[in-house]
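One structure is given here, and the rest of the page talks about it.
The values are calculated or read from the model by the stated rules, or taken from the named source; none is laboratory data. On a predicted model such as this, the values are computed, not experimentally measured, just so you know. Here the Cβ positions follow ideal geometry from the backbone for every residue, glycine too, while neighbour counts run over all protein chains shown. Each accessible area value is taken on the protein alone, full model and side chains, heavy atoms only, with ligands, DNA and RNA left out. Shrake-Rupley method; radii C 1.70, N 1.55, O 1.52, S 1.80 Å.
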Amino acid sequence: MKRLVYFLMVLFLLAVAGAEAQKTRPVKKRPARKAAQDKRVYLVHADVLHFDQFKNPDATILNGKVHFTHVGARLYCDSAYFYEASNSFEAFGHVRLYQGDTLSLVSDYAYYDGNEQMARARYNVVLKNRKTTLYTDSLDFDRLYDNAYFFEGGKMVDGKTTLTSDWGEYNTKSKMSVFNFDVKMKSPKFYLTTDTLYYDNARSIAHIVGPSHITSGNSTIYSEQGYYDTKKDQATLMNRSVLRNQGKSMVGDSVFYDSQLGFSQAFRNVIYVDSVNKNKMTGNYGEYWENTGYALCTDSAVAIDFSQGDSLYMHADTLKVVTFNIETDSVYRKIHAYHHVRAYRTDVQAVCDSLIYNSLDSCMTMYFDPIVWNYNQQLMGDQIDVFMKDSLINRAHVIGNAFSIQQLKSDTTLFNQVSSKEMFAYFIDGKIHETQAKDNVLIGYFFEEGDSVVIIYNYQETTEMRMFLKDRKLERVWTPKTSGTMYPPNQIPAEKKRLEGFAWYDYVRPLNRYDIFVWRPKKKG
């Protein structure tokens, strides 16, 4: 009996301790069980409901103001076949589907599968999602994944942009679209054609993934990979995309184009071609402003003139084109090349620090240690102006410390020399036929017997000299009163054999079109 009482007391104490502990320990509640989503299609209203065992025994036939609901969607039509067993229906006449406040789908006919949440709309289909509207005759709308598919031609209107294609898809949630086959994209400022296009409706950005053509004003773009922002009218293009504008083109590994500013940039392996003036520029960076005609090329920049059969190649650290009076008949351009200028053509080569070519008077001016070579002749001065006619040299003017040197073919250690304050050279068909030297003229000239034997050296000092040449050979020389001496070849004084300031810069001379990239400065002394 005592043991029983003791046992009951222990149980009582344990019960009281457990109750106290229960008061102090937080109670964890089980989460409420989430109600399963009701996937049944519900008929809300119809004016007339009947059955036809012979015509369609599986369907409830509905007429007049038919209204269904399904998982947040409202569906309306004039008449319907309701297949309750398969949770689906066919809708006829003024079919309308509304999902929330932002999406609607209308058509003449639709089949709706409630189990798959798939609406198959046909004939005069219009899908609206906020500011985006899609028109087609055949569209499948997958409500489960928010995807709309059209496959018999479609047109999407997004603000001021219109897209058409044979087939495609549009996601109403992500606002991303895909268009395939015969894709056309139009806006007030551009027109794009391609075979495949991805379009971000939220940001109004088109992604080009195949051969595509874009027209914007006077500019056209060809690209196989890139992006076009339809709001900003900006294109970012890759894979050697080509930009063209009124006879001019620019291509690069990547190209940026702003239609509103008329500005384009190209990066790496850039080629800018002006087919009207028959010249081009290459480099690793280029830009062009179509409204002003300003162009820039740098990083391995080369200007190429191909107006004649033999192209002229010119390299500089930076090449720049500035256009004046661009919208008038008196338009002209200035081409600036500055720092480490080197030029090569088979008949003429040149080096200087800076150069400007003005198309108004067809004058090319070379600054800072300019040197020009023509076959075996070298011309130097403080400044050299070269005037062109029909892309050929017409005349040249050397200003300050002018020095002309001609290397003899019979003996390459001997040189004909003329120095003066100023020199002029005149050309016919690109060949020199007359030279003039003025002020403080010094002449050191070898006379040859035939083409191989030097017979005498003529040293003269005068105020002016004119030399007439034929086929680059001396025919006659005119000078006013002179003082000078003639020396046999083996009796020429050292100070007379080389005029003051003489320097033969054959090691500086560009050797070919590739050598223009190798800058070789003059040796000290």
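Taking every residue in region 499-513 that is over 15 Å from Cys352 (Cα atoms) and touching a residue at least 60 places away in the same chain (Cβ under 8 Å) and pairing it with any residue that is small (Gly, Ala, Ser) and assigned to a loop (DSSP other than H, G, I, E, B), at least 6 positions away or on another chain, the pairs with Cβ-Cβ distances below 9 Å are Arg513/Ser311.
Which of the residues that make up region 209-220 are assigned to a strand (DSSP E or B) and open to solvent by less than 40 Å² (accessible area, probe 1.4 Å)?
Start the filter on region 209-220 by keeping residues that are assigned to a strand (DSSP E or B), which leaves 212-216, 219-220.
Across region 209-220, the qualifying residues are Ser212, Ile214, Ser216, Ser219.
Residues of region 256-285 that are more than 24 Å from Thr230 (Cα to Cα) and among the small types (Gly, Ala, Ser): Ser275, Gly283.
Out of everything in region 498-525 that is more than 33 Å from the chain's Cα centre (by Cα) and hydroxyl-bearing (Ser, Thr, Tyr), what residue ends up being most open to solvent (accessible area, probe 1.4 Å)? That would be Tyr507.
When region 392-403 is filtered for residues that are at pLDDT 90 or above and open to solvent by 50 Å² or more (accessible area, probe 1.4 Å), the ones remaining, listed by number, are Ile399, Asn401.
For (1) closer than 29 Å to Leu511 by Cβ; (2) open to solvent by 20 Å² or more (accessible area, probe 1.4 Å); (3) not aromatic (Phe, Trp, Tyr), each residue gets a yes or a no:
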{"site": "Lys320", "(1), (2), (3)": "yes, yes, yes"}
{"site": "Asn325", "(1), (2), (3)": "no, yes, yes"}
{"site": "Thr328", "(1), (2), (3)": "no, yes, yes"}
{"site": "Arg333", "(1), (2), (3)": "no, yes, yes"}
{"site": "His336", "(1), (2), (3)": "yes, yes, yes"}
{"site": "Ala343", "(1), (2), (3)": "yes, no, yes"}
{"site": "Asp347", "(1), (2), (3)": "yes, yes, yes"}
{"site": "Cys352", "(1), (2), (3)": "yes, no, yes"}
{"site": "Leu355", "(1), (2), (3)": "yes, no, yes"}
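Number of residues in region 38-67 that are open to solvent by 80 Å² or more (accessible area, probe 1.4 Å) and touching a residue at least 40 places away in the same chain (Cβ under 8 Å) equals 2. Residues in region 142-164 include at least one that is of a type in the set (Lys, Arg), in a strand (DSSP E or B) and closer than 30 Å to Val71 by Cβ.
Considering every residue within region 484-497, establish whether at least one is exposed (fewer than 14 other Cβ atoms within 10 Å of the Cβ), in a strand (DSSP E or B), modelled with pLDDT under 90 and in contact with an Asp or Glu (Cβ under 6 Å, 6 or more places away or on another chain). Within region 484-497 (the criterion being exposed (fewer than 14 other Cβ atoms within 10 Å of the Cβ), in a strand (DSSP E or B), modelled with pLDDT under 90 and in contact with an Asp or Glu (Cβ under 6 Å, 6 or more places away or on another chain)), the answer is no, since none of the residues qualifies. Scan region 374-391 residue by residue and report those that are within 20 Å of Ala316 (Cβ to Cβ) and modelled with pLDDT under 90. Hits for region 374-391 are Val386, Met388, Ser391.
Tell me, which strands (runs of 3 or more DSSP E) wholly within region 222-270 include 3 or more residues that are touching a residue at least 24 places away in the same chain (Cβ under 8 Å) and of a type in the set (A, V, I, L, M, F, W, C)?
Details: elements: 225-229, 234-245, 248-258.
Passing ranges, in order: 234-245.
Note on region 463-483: residues that are surrounded by 13 or more Cβ atoms within 10 Å (Cβ to Cβ) and either at pLDDT below 80 or closer than 30 Å to Asp347 by Cβ (or both) amount to 11.
For region 112-152, a residue qualifies if it is over 16 Å from Phe179 (Cα atoms) and open to solvent by 70 Å² or more (accessible area, probe 1.4 Å), and the qualifying residues are Asn115, Glu116, Arg120, Tyr123, Asn124, Lys128, Arg130, Lys131, Leu144, Tyr145. Which numbered condition in (1) surrounded by 15 or more Cβ atoms within 10 Å (Cβ to Cβ); (2) under 12 Å from Thr230 (Cβ atoms) is the only one that Trp167 fails? It fails just one condition, (2). Scan region 175-196 for residues that are among the hydroxyl-bearing types (Ser, Thr, Tyr) and open to solvent by 60 Å² or more (accessible area, probe 1.4 Å) and the total you get is 1. Of all the criteria given as (1) in contact (Cβ under 8 Å) with a residue 40 or more places away in the chain; (2) in contact with a Phe, Trp or Tyr (Cβ under 7 Å, 6 or more places away or on another chain); (3) open to solvent by 30 Å² or more (accessible area, probe 1.4 Å); (4) of a type outside the set (Gly, Ala, Ser), the one not satisfied by Phe446 is (3). Of all the residues that make up region 197-208, how many are surrounded by fewer than 24 Cβ atoms within 10 Å (Cβ to Cβ) and more than 16 Å from the chain's Cα centre (by Cα)? Residues meeting the conditions: 7.
Restricting attention to region 412-435, report how many residues are open to solvent by 30 Å² or more (accessible area, probe 1.4 Å) and either in contact with a helix residue (DSSP H, G or I) (Cβ under 9 Å, 6 or more places away or on another chain) or assigned to a strand (DSSP E or B) (or both). Matching residues across region 412-435 total 8.
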